[in-house]
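The values are calculated or read from the model by the stated rules, or taken from the named source; none is laboratory data. Just so we're clear, the structure is a prediction, and the values are computed from it rather than from any experiment. Cβ sites come from the backbone with ideal geometry, for glycine too, and all protein chains shown count toward neighbours. We work out accessible area using only protein heavy atoms, side chains counted, and drop any ligands, DNA or RNA first. Shrake-Rupley method; radii C 1.70, N 1.55, O 1.52, S 1.80 Å.
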Amino acid sequence: MLSKFSGLNLDFAGAAAATLCTLHCAAFPILLSFGFISSTSHNHIIDWTLMLVGVLIAGIVLIRDYKSVHKNRLPTILASIGFSVLFFGIESHGEFLFLNILGGCFMVASHFFNWRLSHTH
């Protein structure tokens, strides 16, 4: 059982977390427009929690693979852009939701490129 956990692909986990974040941010305006939720029901703790999980996973996997496997800065640059855009999207308190979606897409891309680079070396 422990070997299955230690074999967890952190790039997949990071991309999944970023996708979850992107879907969460995309679903909010849709649910709001159909009246399923109110504008006051959005909780930024969820946003910050998803971002923290993303930062932790990306910090571990991207830096580890950069140092020990591929020495390519592209995944780290994409992740930095993604987190910066995501930060401004969260801080806009819903006015610029497209920033949250764009930041999540950058994060998915960073993990995808990291995975590709790691598996070609």
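Note on region 94-121: residues that are open to solvent by 80 Å² or more (accessible area, probe 1.4 Å), closer than 16 Å to I30 by Cα and not in a helix (DSSP H, G or I) amount to 2. Going residue by residue through region 34-50, is there one that turns out to be β-branched (V, I, T), open to solvent by 60 Å² or more (accessible area, probe 1.4 Å) and either more than 23 Å from E91 (Cβ to Cβ) or part of a loop (DSSP other than H, G, I, E, B) (or both)? No, region 34-50 has no match at all.
Out of all the residues in region 63-70, is one or more buried (at least 21 other Cβ atoms within 10 Å of the Cβ) and in contact (Cβ under 8 Å) with a residue 12 or more places away in the chain? Steps first, answer last, please.
If we filter region 63-70 for residues that are buried (at least 21 other Cβ atoms within 10 Å of the Cβ), which is where we start, we get 65.
Narrowing the set further to residues that are in contact (Cβ under 8 Å) with a residue 12 or more places away in the chain leaves 65.
Yes, the conditions are met somewhere in region 63-70.
Looking at region 53-63, is at least one residue of a type outside the set (A, V, I, L, M) and closer than 16 Å to L20 by Cα? Scanning region 53-63, I find at least one residue that is of a type outside the set (A, V, I, L, M) and closer than 16 Å to L20 by Cα, so the answer is yes. The residue that is surrounded by the fewest Cβ atoms within 10 Å (Cβ to Cβ), among those in region 81-93 that are closer than 23 Å to R64 by Cβ and not hydrophobic (A, V, I, L, M, F, W, C), is S84.
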